[in-house]
Structure formats: C-alpha cells, structure tokens
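Nothing in this text is a laboratory measurement; each read-out follows from the coordinates by a stated rule. Just so you know, these numbers come straight off a predicted model, no measurement behind them. Cβ sites come from the backbone with ideal geometry, for glycine too, and all protein chains shown count toward neighbours.
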Amino acid sequence: MSKAGDSIGIIGIGYVGLVTATCLAELGNNVVCMDIDAEKIDLLRQGGVPIYEPGLAELIGKNKGRMTFTTALEDVFSRCEIVFTAVDTPPTFTGDADLSRVFAVVSALPGLSSNRHILVMKSTVPVGTGMKISIELARQEINNIDYVSNPEFLREGSAISDFLNPDRIVIGSREAAAGQKVAALYQHMRAPVLETSIPTAEMIKYASNAFLATKISFINEIANVCEEIGADVTEVAKGMGYDKRIGSHFLKAGIGFSGSCFPKDVTALKQIAGNSGYHFQLLTAVIEVNELQKRRVVNKLKKYLGTLTDKTITLLGLAFKPNTNDLREASSIVLASRLLGEGAYVKAYDPVAIPDAARAVRGVLLCDDTLSAVEDSDAVVLVTEWDEFAHLPLAEMKQRMHQHLIIDGRNFLDPAEVKAAGFTYEGIGRS
Ligand SMILES: NC(=O)c1ccc[n+]([C@@H]2O[C@H](COP(=O)([O-])OP(=O)(O)OC[C@H]3O[C@@H](n4cnc5c(N)ncnc54)[C@H](O)[C@@H]3O)[C@@H](O)[C@H]2O)c1
C-alpha cells in the first residue's frame, strides 16, 4: 500500500492500465487513472467498463471509492508520487515498436510538478528505451523524476488473477531506492522479485514472449509433420509435456499465435537485434511459421470443398483468444480476408467480440449465435476456443448447414463426437 494521502497514477487505461489500476485499488491503494481518450474516461466515470475481461467490472465496482478517472496529466502528478505508464506500443510498418505514445507522455512532463516522482514503465518497450527516456528527462532538465522499468506479464482473459498472482515481479532501476518503492507495492504478493538494470528488465519481457511464441511455432511445425506421417500432435505434446524440462504449457498446436502482444513483441525483438547488427534467425523462422500456419486452414478447406469461390464459410470465434474482446492481430482477421480473397462468403459469431468485430473484419456477416452463423454454410472453422463451443449443437448444425465439414483450428472439439454427428472433422496435426 502506498503511504497515506498518496495515490498511485496510471497513464493509459487500456487492457493493462485498467487491470493494473483496479488491482492496485483492490490492494488498498487510491489510484488516479488518466487516459487521452475522453470517451473512455467518461464511460468509466459513469460506471461502465470499456473492455471485456472476466471479473473486471465487478472488481472496479468493489473499488470505485478508491479509483478516480481523468484526462488531465496534471491531476496525476499533483496527487501521485508513483506514476505507471501503460500506453500502447503498437508495431510500426518496419516492425519496430512505435514509441510515440510513450514519448508523448515524457514530453508532457516539464513543469507538471516540482515534487519527486517515479515514472514506472509498464508498457512493453524496446531495450534501450529507459535509457533514452532518462536522457530526454536530463535534456529537459527534469531532475525530480526517477525512472523504473516494471514490465507486465498478465494475459488477457485471466488478467486479474495473473496480476495478483504473478510468477515473478521484475523491477529495473538505476536508483535502488526508486526500485524498492515500486517493489513495495507488490510486497503482499508471493512472487520472487528480480531487481535488475533497466535494459535487463526490458529484455526479460521480450525474451519471455519470444520464447513462448517459439514454443507455439515449434509445436505447430511438429503438428504439420504429424499430418504427413500419421501421428497425433495432441498425444505428442502430452508426451513431451510430462518432461519437466519441457513443460506442458504453450504446446497446443493450432492456427498460430495472435493478439496484441506476441506478434508485435516477437517482431520488435527481431528488429531490436537487427538494429544492433545481429540477425536473429530463430525468430525469423518463428514469425514465418506463424504466418503460414494461419493460411494452412485455407488449404484444408480446399482439400474438401475444392474451390472456395461462392462457398460459405463460418468462423466460430473472432477474438484472438477466449475471454477477451480483443481482436488485435487476431487469426480470424487474416483468415477472413484470405477467405474473402478466395471468393468465399464469410459468416462469423463470437460470444463477446461482435461489436468490436464490426470495425475490425470488413465484409464478414456477423451473426448473433452459432446456429444463425452456420445457416447454409459449407464449412465451419473453429478459430477461438470459447467454452460455449466445447459442446456445439451438432445435430441442429447438421440440419442447417449445406455441407458438413468442421475444421478445428484449436484441436478443441472431440473428433469422435463431431464425426458421430455426421460431420467430416479435421484438426491441426491430428491424423
Ligand atoms: N494487452 C496485454 O495483454 C499486455 C500484456 C503485457 C504487456 N502489454 C503491454 O502494455 C502496453 C499497453 O497495452 P494494452 O493492451 O493495455 O494497450 P491498449 O491499447 O489497450 O491501451 C493503451 C491506452 O493508452 C491510452 N493512451 C495512448 N496514448 C496516451 C497518452 N499520451 N496519454 C494517456 N493515455 C494514452 C490509449 O487511449 C489506450 O486507452 C503495451 O506496451 C503492451 O505491449 C500488454
């Protein structure tokens, strides 16, 4: 808990910022939440929640007395010693992380307050950014702001539990006292605290995401080989996962990793390496395997349907993973545009992402439920493994569909159940 009368500031109230703010409030802190998006701040002031994240609305409701919302940076710096930044760092066209939002915050700092502050970076930023910010602060003769890197590892869909029960807390700082003040915010969490230099903290975040993405591309390549030789990747992964040196996480074959973090962070790390003169060959392959994996579904459809021109294909699930409405870099978007490019009609249903999908996937007929989405369809592709898809209404689907093919892009369905209902089933890497 921060000291009495002191609040914690959060700049950038998106998936990470809002979860961070809410969890810090849940831990007993007062938090001042700032975002440049006035509509978002208005919605939060009125008790609304701009994103879908399980348990978040309830936790905000519970802690609303400790959370205030503003669009003014002055409000944050007048009340808070510790200020987190969780603005977005999307990819640029080169694949480097776009730091314009981070530097928009840094350049707004002069004259904000003469009190001492700690600026804590929660956004994922390339190695060297902390150093650049320190130089920029010195250039602007700002001597009252210390800088701490505190990368975030939460996963959308289980963000609250991930934030409150982290595997580790990474604190990168130049001044130990500043780092320790930030570490104190997490003192009630049972997690190892790793105090490092700022570049090391920045690298831990990228290396972690790149390693997980590598595991996914690895098992996807194994899946592709399994298809050639008649083995079952789900059993292979199980057999590998029992080995403690390997572990069972992130060994699920499917249509590739997606979302707002892995694709951009893997590409950004490749760029960081390249910009410093090192060609990161392994990551180049990880990215390429992932791109091809999304497209393999199109070939699977063609194998059964022939040409896709004028065929109707239904996508079940649009969000990049279950339990979120986030569509950033979702596999569904790539798949939908490939299918539209092949001349197919594309229909889709997602339990929560439909309002956001209207903007993100153009040309797709968005439906209110599974049954209306499969009406007159030639094939279903399961894209996101939402719980409600675990037991599809197969008998009714069969009556409504034109042809009876299910491509299970997440190896989520029970093949025996699907086949018993009269469908042709094909998963990923399952013979
Ligand atoms: N989403 C995740 O699962 C996740 C997990 C770990 C780390 N991260 C990292 O955290 C950062 C934030 O990700 P996100 O998914 O929460 O992004 P987001 O797009 O959901 O939220 C970013 C927020 O920052 C606001 N913003 C932009 N510029 C601003 C400015 N100058 N002042 C104030 N607010 C501003 C935007 O309006 C938006 O509300 C990224 O660097 C991301 O890589 C994300």
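In whole Hz, with x marking every Gly and Pro, tabulate ³J(HN,Hα) for the stretch 220-231 from phi via Karplus 6.51 cos²θ - 1.76 cosθ + 1.60, θ = phi - 60°.
Each residue's phi maps through the Karplus curve to give 5, 5, 4, 4, 5, 5, 4, 4, 6, 9, x, 9 Hz.
Distance between Cα centroids, the stretch 320-356 to the stretch 225-260: provide it in whole Å.
24
In what sequence do K252, K132 fall when counting other Cβ within 10 Å, fewest first? It would help to have the intermediate numbers written out before the result.
Values: K252 20, K132 15.
By the 10 Å Cβ count, ascending: K132, K252.
Amide H of V193: which non-local residues (sequence gap of 5 or more, or other chain) have their own amide H closer than 5 Å, using H built in the peptide plane?
I169
Quick one: length gained pulling I229 to F250 fully straight, 0.36 nm per residue minus the C-alpha distance? Walk me through the numbers before you get to the answer.
Numbers: separation 21, 0.36 × 21 = 7.56 nm, distance 2.26 nm.
Going from the current span to full extension adds 5.3 nm.
So how do 60-70, 234-244, 408-418 stack up, highest first, on mean other-Cβ count within 10 Å?
408-418, 60-70, 234-244
Just want the ordering: T309, T324, T129, from fewest to most Cβ atoms lying within 10 Å of their own Cβ. Please list the in-between numbers first.
On the way: T309 10, T324 26, T129 23.
Ordered from fewest to most neighbouring Cβ atoms within 10 Å, T309, T324, T129 come out as T309, T129, T324.
Are any of the pairs K205/K270; K62/K205; K321/K347; K302/K347; K64/K181; K205/K238 more than 20 Å apart by Cα-Cα distance, and if so, which? If you can, show how the numbers build up before the last one.
Numbers: K205/K270 14 Å; K62/K205 31 Å; K321/K347 18 Å; K302/K347 17 Å; K64/K181 25 Å; K205/K238 27 Å.
From K205/K270; K62/K205; K321/K347; K302/K347; K64/K181; K205/K238, over 20 Å: K62/K205; K64/K181; K205/K238.
Which of the peptides 270-279, 79-88, 216-225 is most tightly packed, and how do the rest follow, judged by the mean count of other Cβ atoms within 10 Å per residue?
On the way: 270-279: 14.2, 79-88: 23.2, 216-225: 19.8.
Put in order of decreasing packing, that is 79-88, 216-225, 270-279.
Go ahead and run the numbers for FRET between D376 and E58, Cβ-Cβ distance against an R0 of 41 Å, rounding to 0.05.
Numbers: r = 40 Å, r/R0 = 0.96.
After rounding to 0.05, the efficiency reads 0.55.
Please give me, ordered by residue number, the GluC sites (Glu not before Pro) of the stretch 150-184 that lie in loop per DSSP and have at most 14 other Cβ atoms within 10 Å.
Numbers: sites: E152, E156, E175; in loops: E152, E156, E175.
Answer in residue order: E175.
For the Cα atoms of the chain, what angle does the longest principal axis make with the long axis of helix 262-275, in degrees from 0 to 90, nearest 10?
Long axis of 262-275 versus the principal axis of the chain: about 60 degrees.
Per residue Cα convex hull volume for the chain, in cubic angstrom?
Numbers: hull volume 63.7 nm³, N = 431.
Taking the convex hull of the Cα positions in the chain, it is 148 Å³ per residue.
Compute the separation of the alpha-carbon centres of the stretch 385-431 and the stretch 88-120 and state it in Å as a whole number.
47
If Lys and Arg each add +1 and Asp and Glu each add -1, what is the summed charge of the other residues whose beta carbon sits under 13 Å from the beta carbon of G427? Mind dumping the intermediate values first?
Working: positive: K252, R296, K300, R410, K419, R430; negative: E227, D232, E235, E385, D408, D414, E417, E426.
Net charge in that neighbourhood comes out at -2.
Work through the residues other than P322 whose Cβ is under 10 Å from its Cβ and net out their charges, Lys, Arg +1 and Asp, Glu -1.
Working: positive: K321, R410; negative: E156, D350, E385, D387, E388.
Neighbourhood net charge equals -3.
Tell me the mean residue ellipticity at 222 nm calculated for the chain from its helices only (DSSP H runs of n ≥ 4, each -39500 (n - 2.57), averaged over every residue, nearest 500). Walk me through the intermediate numbers first.
On the way: 17 runs with 184 residues, N = 431.
So the calculated ellipticity at 222 nm is -13000 deg cm²/dmol.
To test your reading of the geometry: what angle, between 0 and 90 degrees and rounded to tens, separates the Cα axis of helix 281-305 from the longest principal axis of the chain?
Rounded to the nearest ten degrees, it is 30.
Considering only the chain, what is the antiparallel percent among its DSSP beta bridges, to the nearest 5?
On the way: 4 of 48 bridges.
If we restrict to bridges inside the chain, about 10 percent are antiparallel.
Run through every distinct alpha carbon pair of the stretch 284-375 and return the Kirkwood hydrodynamic radius in angstroms, one decimal place.
Mean inverse Cα-Cα distance, inverted, gives 13.5 Å.
Suppose a student asked you for the relative contact order of the chain, using Cα pairs under 8 Å spaced at least 6 residues apart; what percent would you report? Don't skip to the end; give the middle numbers.
Values: 855 pairs, mean separation 52.1, N = 431.
The normalised contact order for the chain reaches 12 percent.
For a test of the definition: using alpha carbon positions, the gyration tensor, and the 1.5 limit on a/c, classify the stretch 7-196 as rounded, prolate or oblate.
Numbers: a/c = 1.36, a/b = 1.24, b/c = 1.10.
Rounded.
For K398, which aspartates and glutamates qualify as cross-link partners when the Cα separation must be under 12 Å and same-chain residues fewer than eight apart are set aside?
Within the straight-line limit of under 12 Å, K398 reaches these aspartates and glutamates: E375, D376, D378.
If you rank Y186, Y304 by fewest surrounding Cβ atoms within 10 Å, what's the result?
Numbers: Y186 18, Y304 14.
Sorted ascending by nearby Cβ count, the order is Y304, Y186.
Below 21 Å, Cα to Cα, which lysines can K244 reach? Residues fewer than 8 away in the same chain don't count.
K215, K252
Using Cα pairs under 8 angstrom and six or more residues apart, how large is the relative contact order of the stretch 7-196, in percent? Before the final figure, lay out the partial values.
Numbers: 337 pairs, mean separation 37.1, N = 190.
Answer for the stretch 7-196 is 20 percent.
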